[in-house]
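**Q** Once you've had a glance at the structure underneath, I'll fire off some questions.
Since every read-out is calculated from the coordinates, none of them should be taken as a lab result. Nothing here was measured: the structure is a model prediction, and the numbers come from that model. Here Cβ is always computed from backbone atoms with ideal geometry, including for glycine, and neighbour counts include all displayed protein chains.
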Amino acid sequence: MVVPTFQDAEIILRLYDQYESERIRAARRWLSQEVMDGTYEQFLEKFPAGSDGYMNFQTLYGFFEMVGVLFKNRLVHPDLLFDMWYINGIFSKLYPIITGIREGGDVHVAENFESLALAELEWIGRVKGAEYVPSLPYVK
């Protein structure tokens, strides 16, 4: 295993700055207060394309899609990333929306975000123990 470097820490700190930006804070607040379990159709009824709610969805998924791309290309150290954030906490709430978009034809939406969430679960099992891996609907 590769030990994180100061450069790895700098990348995490830059990502954290973005994560704490007002735009992403507002999107996280929206996620915790407005998004309830339901179908993609119910989501669209409440938050149609172009609405503030839909933009909040795009903000969150876009941020973690970007982090997923960095992770896939080994530009973010997994120990720092997964010790910092519980990515599945956000992915699991957005999963029904992502699934609905995929069923509508955009099969590639959030693919890096999903890969990141699954990699986090593997990391949790390896580092913390299998008993800490949550049971989630998208885990095969």
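**Q** Which ones in the range 17-53 are loosely packed, with under 14 Cβ neighbours inside 10 Å, of a type in the set (S, T, N, Q), assigned to a helix (DSSP H, G or I) and out of contact with any Phe, Trp or Tyr (no Cβ under 7 Å at 6 or more places or on another chain)?
**A** The answer is S32, Q33.
**Q** Would you tally the residues in the range 31-42 being in contact with a helix residue (DSSP H, G or I) (Cβ under 7 Å, 6 or more places away or on another chain) and closer than 28 Å to P78 by Cβ?
**A** The number of residues fulfilling the criteria is 2.
**Q** Right, next: Which ones in the range 88-126 are over 17 Å from A27 (Cβ atoms), outside any helix (DSSP H, G or I) and of a type outside the set (D, E)?
**A** Listed by number, the residues that qualify are G104, G105, V107, H108.
**Q** Separate question: Just checking, how many residues over the range 16-39 are in contact (Cβ under 8 Å) with a residue 60 or more places away in the chain and more than 19 Å from N88 (Cβ to Cβ)?
**A** 1
**Q** Keeping to the range 72-98, report how many residues are farther than 14 Å from K128 by Cβ and of a type outside the set (A, V, I, L, M).
**A** 11
**Q** With the structure loaded, tell me whether L13 is of a type in the set (A, V, I, L, M), without any contact (Cβ under 8 Å) to a residue 40 or more places away in the chain and surrounded by 16 or more Cβ atoms within 10 Å (Cβ to Cβ) or whether it fails that test.
**A** In short, no.
**Q** Continuing with the same structure: Please give the number of the condition D79 fails out of (1) of a type in the set (D, E); (2) without any contact (Cβ under 8 Å) to a residue 12 or more places away in the chain; (3) part of a helix (DSSP H, G or I).
**A** Every condition holds for D79 apart from (2).
**Q** Could you check how many residues of the range 101-140 are over 19 Å from F57 (Cβ atoms), of a type in the set (V, I, T) and free of Cβ contacts under 8 Å to residues at least 24 places away in the same chain?
**A** Counting residues in the range 101-140 that are over 19 Å from F57 (Cβ atoms), of a type in the set (V, I, T) and free of Cβ contacts under 8 Å to residues at least 24 places away in the same chain gives 2.
**Q** Test of understanding: among F82, F6, which residue is under 17 Å from the mean Cα position of the chain (by Cα) and either of a type in the set (A, V, I, L, M, F, W, C) or surrounded by fewer than 13 Cβ atoms within 10 Å (Cβ to Cβ) (or both)? I'd like the intermediate steps shown before the answer.
**A** Working: F6 fails: under 17 Å from the mean Cα position of the chain (by Cα).
The unique qualifying residue is F82.
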